[in-house]
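Asks: Would you mind keeping the following structure in view while I ask a few things?
The values are calculated or read from the model by the stated rules, or taken from the named source; none is laboratory data. Just so it is clear, the structure is predicted and the values come from calculations on it, not from any experiment. Cβ placement follows ideal geometry from the backbone for every residue including glycine, while neighbour counts extend to all protein chains displayed.
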Amino acid sequence: MNDNGKNTDRLEFVIHKHDATSLHFDLRLQVDDVMASWAIPKGPTLDPKIKRLAMQTPDHEMGYNSFEGILPEGSYGAGPVMIWDNGYYFPEIEISKGVREAIENKKKGNDLMKSGIEKGEIKFKLFGKKVRGSFALIKTKGFGGKNAWLLIKHKDEFCEEQFDAKDEKLDVSVISGKSMKEIINSV
Ligand code: MN
C-alpha cells in the first residue's frame, strides 16, 4: 500500500521502532504478500563502516505495516510501536564488484528476494523518508545464532557517517509525527 492505501506495483518496506523488552527496530520487506522481518537492536545505519546485527523474526502480515500504537501487556512484543520509516524498495543484483542493478520489475524482484533469503544473502535499495540507498543483509555463518544476519550499508550517495537511528532528532513517526513518548501518552 502507498500513502493513499492503494496497491502499487512496488514492493513495500516499513521500519517499526519498537520498545518491547528492549528498544529495537523491525525492518520489514515485502516478499509475496507478507513482510519478511528482522529485529535490529541498534537500528539501521547509513554508515557503511558499521555492520548491524539483524535477527530474523517471523513474517508479519502486510496489514501490520500501518500499525502504530501500543501492543498490550501479555501480548507478544508488548510495548509501544512507531512507524519510524516506510516506503518501497527494489531488490538488487551485483553485476560486477561494487556495481549493482536495481530490479524494478515487481515479480522478478520478488523472486530474487525469495531465492536470496533462502541462500542467506539479499541486496536491496530502500526508498524511505529517513533511510535511503543500497543495503545488504547477509546471514552469519553461525555467529549470533541461526537467525542472525548482518545489515550493511553499501557505499552510495545516501551514506552518512555516524548515522544513529536512536538519535532524538529521528524519534518521530513518519505517519503521525509523534515521538515514542507521545505514542505512549496518546493511548
Ligand atoms: Mn519488534
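Asks: In the stretch 22-42, what residues are polar (S, T, N, Q), over 24 Å from residue 158 (Cα atoms) and either in contact (Cβ under 8 Å) with a residue 40 or more places away in the chain or in a strand (DSSP E or B) (or both)? It would help to see each step written out before you state the result.
Replies: Kept after step one, since they are polar (S, T, N, Q), are these residues of the stretch 22-42: 22, 30, 37.
Right, trim to over 24 Å from residue 158 (Cα atoms) and you get 22.
Passing the criteria: none in range.
Asks: Could you list, in sequence order, the residues of the stretch 3-19 that are touching a strand residue (DSSP E or B) at 6+ places or on another chain (Cβ under 8 Å) and either at pLDDT below 95 or away from the ligand (no atom under 11 Å from the Cβ) (or both)? Talk me through it step by step, then tell me what you get.
Replies: First, the residues of the stretch 3-19 that are touching a strand residue (DSSP E or B) at 6+ places or on another chain (Cβ under 8 Å): 8, 10-19.
Answer for the stretch 3-19, where residues must be touching a strand residue (DSSP E or B) at 6+ places or on another chain (Cβ under 8 Å) and either at pLDDT below 95 or away from the ligand (no atom under 11 Å from the Cβ) (or both): 8, 10, 11, 12, 13, 14.
Asks: Among the residues of the stretch 107-122, are any under 20 Å from residue 52 (Cβ atoms) and in a strand (DSSP E or B)?
Replies: Checked the stretch 107-122: at least one residue is under 20 Å from residue 52 (Cβ atoms) and in a strand (DSSP E or B).
Asks: Given the conditions (1) assigned to a loop (DSSP other than H, G, I, E, B); (2) more than 14 Å from the ligand (Cβ to nearest atom), report the number of the one that residue 77 does not fulfil.
Replies: (2)
Asks: Still on this structure, please answer the following. Search the stretch 104-135 for residues being of a type in the set (A, V, I, L, M, F, W, C) and touching an Asp or Glu at 6+ places or on another chain (Cβ under 7 Å), and hand back the single one that is surrounded by the most Cβ atoms within 10 Å (Cβ to Cβ).
Replies: At the first step, the residues of the stretch 104-135 found to be of a type in the set (A, V, I, L, M, F, W, C) are 112-113, 117, 122, 124, 126-127, 131, 135.
Filter once more, so that each one left must be touching an Asp or Glu at 6+ places or on another chain (Cβ under 7 Å): 124, 131.
Values: 124: 24, 131: 26.
My answer is 131.
Asks: Do we find that residue 35 is within 16 Å of the ligand (Cβ to nearest atom) and either modelled with pLDDT of 95 or more or not charged (D, E, K, R) (or both) in this structure? Show your work before the answer.
Replies: Working: within 16 Å of the ligand (Cβ to nearest atom): yes; either modelled with pLDDT of 95 or more or not charged (D, E, K, R) (or both): yes.
Judged against the criteria, residue 35 is a match.
Asks: Is there any pair with a first residue in the stretch 118-138 that is among the basic types (Lys, Arg) and a second that is modelled with pLDDT of 95 or more and outside any strand (DSSP E or B) whose Cβ atoms are under 7 Å apart and which are 6 or more apart or on different chains, and what are they?
Replies: Correct list of pairs: 129/174; 130/170; 132/158.
Asks: Taking the stated definitions as given, is residue 68 more than 12 Å from the ligand (Cβ to nearest atom), among the acidic types (Asp, Glu) and free of Cβ contacts under 8 Å to residues at least 12 places away in the same chain?
Replies: Criteria not met by residue 68.
Asks: Taking residue 78 as the residue in question, decide whether it is within 25 Å of residue 182 (Cα to Cα) and touching a Leu at 6+ places or on another chain (Cβ under 6 Å). So that I can check it myself, show each step before the final result.
Replies: Details: within 25 Å of residue 182 (Cα to Cα): yes; touching a Leu at 6+ places or on another chain (Cβ under 6 Å): yes.
Judged against the criteria, residue 78 is a match.
Asks: May I pose another question? Looking at (1) over 21 Å from residue 90 (Cα atoms); (2) surrounded by 15 or more Cβ atoms within 10 Å (Cβ to Cβ), find the lone condition where residue 41 falls short.
Replies: In the conditions (1) over 21 Å from residue 90 (Cα atoms); (2) surrounded by 15 or more Cβ atoms within 10 Å (Cβ to Cβ), residue 41 misses (2) alone.
Asks: Which numbered condition trips up residue 62, out of (1) touching a residue at least 60 places away in the same chain (Cβ under 8 Å); (2) within 14 Å of the ligand (Cβ to nearest atom)?
Replies: Evaluating residue 62 over (1) touching a residue at least 60 places away in the same chain (Cβ under 8 Å); (2) within 14 Å of the ligand (Cβ to nearest atom) leaves (2) as the failure.
Asks: Further, regarding this structure: Can you tell me which of 57, 45 is in a strand (DSSP E or B), of a type in the set (Ser, Thr, Tyr) and either touching a residue at least 60 places away in the same chain (Cβ under 8 Å) or away from the ligand (no atom under 13 Å from the Cβ) (or both)? First the steps, then the outcome.
Replies: Working: 45 fails: in a strand (DSSP E or B).
The match here is 57.
Asks: Tell me, yes or no, whether the stretch 166-177 has at least one residue that is in a strand (DSSP E or B) and crowded, with 16+ Cβ neighbours inside 10 Å.
Replies: Narrowing the stretch 166-177 to residues in a strand (DSSP E or B): none.
No.
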